[in-house]
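The values are calculated or read from the model by the stated rules, or taken from the named source; none is laboratory data. The model shown is predicted, which means the values in this text are computed figures rather than measured ones. Methodologically, a virtual Cβ is constructed for each residue, glycine included, from the backbone with ideal geometry; neighbour enumeration extends over all protein chains shown. Just the protein is used for accessible areas: all its heavy atoms, side chains included, with ligands, DNA and RNA removed. Shrake-Rupley method; radii C 1.70, N 1.55, O 1.52, S 1.80 Å.
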Amino acid sequence: MAEPRLLMPQLYDGGSPPALQGGVCDCGHVFFPLQAYGCERCGGHGTRLRPKRLAARGRLVASAVVHLHAGERPAPFVVGAIALDDGPVVRTLLTGTDVSLPPGCRMVGTLVPVTPAQDGTPRVDFRFAPAMGSDLS
Amino acid sequence: MSRTLKDMRPVHVIGIGWHRYQFASETPYVELGLTAVRAALADAGIPWPAVQTAYVAKALLPMAPGRAMLRHLGATGLEILHVEDASASGSAAFRHACLEVASGASDVVLAMGVDKPARVALAERSTGIPSLADDAIAPFTHFAMLADQYAHRAGATVEDIALVAVKNHRNGSLNPNAQHQKARTLAEIMGGKAISGAFTSLQCTPVGEGAAAVILASDDGIRALGVDPARAIQVVASVGRSQRVYEDATRFDALLTSETAGLAFAQSGLTAADLDVVELHDAFTVEELEYVEAMSLCAEGDAVRQLKAGAFDIGGRCAVNPSGGLIAMGHPIGPTGIGQIGEIVLQLRGEAGARQQPGARTGLAHMVGIGAVCYVHILQRPG
Ligand SMILES: [Zn+2]
């Protein structure tokens, strides 16, 4: 069985838990995802912006079960906004729940299998899930 | 040195008109737009050639509908400018029409909005910056998460939040230009089709088609055209802003509204306590609760209690969305911000009929658009 491929390797790595590929500006502003256009806080660009790995751990700000959705993603699914311990707020799909969760709940990043690539290579994508056991710290 | 509306010559709204907001139909945009502009000209009692510039707000129609539509009023050669600022396109058009008159560049200017539903492509999704799952977070899901956050912060239930829709559908039932003209019970609203989070369909704005138009004039314009000054409503503040980097990034909607409204209050020398009528961006129920707090119509976390006490009803302390708001009147995008101004003018003239807020003297219009951008205008009747 081939090693699963990351669906969006520019956004996260294959660690356990995966780290998010964010950025930091010389002004101290931390952001996700990494981009080179310029800093939203100070306008700095070029060498002022550097990659920064962000731990995929944080607290849930809000979540919602989406019942109706145009596009390819079949509803229902659950989305959440997570305030990372490292600063930025990240919004993405949740796994490990089919209902909305109480704000403040500890969340951790995880990789879940998604549709394989055309050549059959298995692929995984990033989700947030409610933290369990040792992840709760 | 920068100057605001208060440092320039007075600007008044002298004419208002609509084509009813409605579900998508075969009606061409030309007919929608001309209906609204002819109504506004008739309301002002002025001839089309008096209009020096037309600001045409549209977000969904193809490129350059302005002249293709307005030539049927007589191709006078006036300046025609198209404005797009997402949901706030109409508000942006109105603001710049105000500035043109206030600056002295023109005496009589049209601001109008017209749109028909079309497939929307957001530029935010084509920046070249990848996202984890932004495609999964449509606007109704963004605001569904905000509702979840609000409910926990303010101790509100999903039914409490849905009460906004009960009020706004009731107001819309009295508005012949509204897309939804039917009063709804809380049970009907809660029992509707589930959309996202706590939202059911009647808690979400219907995006349809329509048009709205207003005519702005200076004192010189009013005199020259023999317009009745008693029906002219002055614009006393105009502010446009965009989102900054906020300490609490999750609350940018409310924080942007708070700072934009604050600047409008400072510009006019008024406070929230002076407002009799507010038209605000209630594309989704929770927004009304967030924004009445953000513009200091009530204390943080107190909006549900005030709503239940009738403070925001027609006849209450300050009528919020007497037109029915985006939830009931509708949100054809380009016209929406212009239509809000029209409703406030009706209210301040005392011409709002069954929707009349008694004694209304001061009104505020608020819109936000994806980006995010925000506009606030304050209008006041003479005397
Ligand atoms: Zn910076």
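Of the residues that sit in region B:40-65 and are of a type in the set (Gly, Ala, Ser) and touching a helix residue (DSSP H, G or I) at 6+ places or on another chain (Cβ under 9 Å), which one is surrounded by the fewest Cβ atoms within 10 Å (Cβ to Cβ)?
B:45
Need at least 2 residues that are within 16 Å of the ligand (Cβ to nearest atom) per element, so show me which strands (runs of 3 or more DSSP E) inside region A:3-67 make the cut, counting only ones lying wholly within it.
Per the criteria, A:19-25, A:49-55.
What residue, among those in region A:100-111 that are more than 11 Å from chain B (Cβ to nearest Cβ) and of a type in the set (A, V, I, L, M), is surrounded by the most Cβ atoms within 10 Å (Cβ to Cβ)?
Within region A:100-111, the match that is surrounded by the most Cβ atoms within 10 Å (Cβ to Cβ) is A:107.
Criterion first (touching a residue at least 12 places away in the same chain (Cβ under 8 Å) and surrounded by fewer than 19 Cβ atoms within 10 Å (Cβ to Cβ)) does residue A:53 satisfy it?
Spelling it out, residue A:53 is indeed touching a residue at least 12 places away in the same chain (Cβ under 8 Å) and surrounded by fewer than 19 Cβ atoms within 10 Å (Cβ to Cβ).
On the basis of being farther than 27 Å from residue B:208 by Cα and open to solvent by 20 Å² or more (accessible area, probe 1.4 Å), does residue B:176 make the cut?
On the way: farther than 27 Å from residue B:208 by Cα: no; open to solvent by 20 Å² or more (accessible area, probe 1.4 Å): yes.
The answer is no for residue B:176.
Only one of these conditions is not met by residue B:207: (1) at pLDDT below 95; (2) over 30 Å from residue B:51 (Cβ atoms). Which number is it?
Just one mismatch for residue B:207, condition (2).
Inspect all residues belonging to region B:158-178 and state whether any of them is facing chain A (nearest Cβ under 10 Å), closer than 30 Å to residue B:20 by Cβ and at pLDDT 95 or above.
No, because not a single residue in region B:158-178 is facing chain A (nearest Cβ under 10 Å), closer than 30 Å to residue B:20 by Cβ and at pLDDT 95 or above.
Tell me which of these residue A:30 doesn't satisfy, since it passes every other one: (1) within 9 Å of chain B (Cβ to nearest Cβ); (2) of a type outside the set (Ser, Thr, Tyr); (3) under 26 Å from residue A:14 (Cβ atoms).
(1)
Take residue B:247 and tell me if it is farther than 30 Å from residue A:69 by Cα, surrounded by fewer than 18 Cβ atoms within 10 Å (Cβ to Cβ), outside the structural domain of residue B:106 (by TED's automatic domain parsing) and at pLDDT below 95. Please lay out each step first, then the result.
On the way: farther than 30 Å from residue A:69 by Cα: yes; surrounded by fewer than 18 Cβ atoms within 10 Å (Cβ to Cβ): yes; outside the structural domain of residue B:106 (by TED's automatic domain parsing): yes; at pLDDT below 95: yes.
So residue B:247 passes the test.
Exactly one of these conditions fails for residue A:97: (1) open to solvent by less than 40 Å² (accessible area, probe 1.4 Å); (2) more than 9 Å from every other protein chain (Cβ to nearest Cβ); (3) part of a strand (DSSP E or B). Give me its number.
Single failed check for residue A:97: (3).
Table: residues versus (1) within 23 Å of the chain's Cα centre (by Cα); (2) assigned by TED's automatic domain parsing to the domain that holds residue B:376; (3) surrounded by fewer than 24 Cβ atoms within 10 Å (Cβ to Cβ).
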position	(1), (2), (3)
B:104	no, no, yes
B:110	yes, no, no
B:128	no, no, yes
B:155	no, yes, yes
B:158	no, yes, yes
B:163	yes, yes, yes
B:168	yes, yes, no
B:171	yes, yes, no
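So, in region A:70-86, of the ones that are free of Cβ contacts under 8 Å to residues at least 24 places away in the same chain and more than 7 Å from chain B (Cβ to nearest Cβ), which residue ends up least open to solvent (accessible area, probe 1.4 Å)?
A:78
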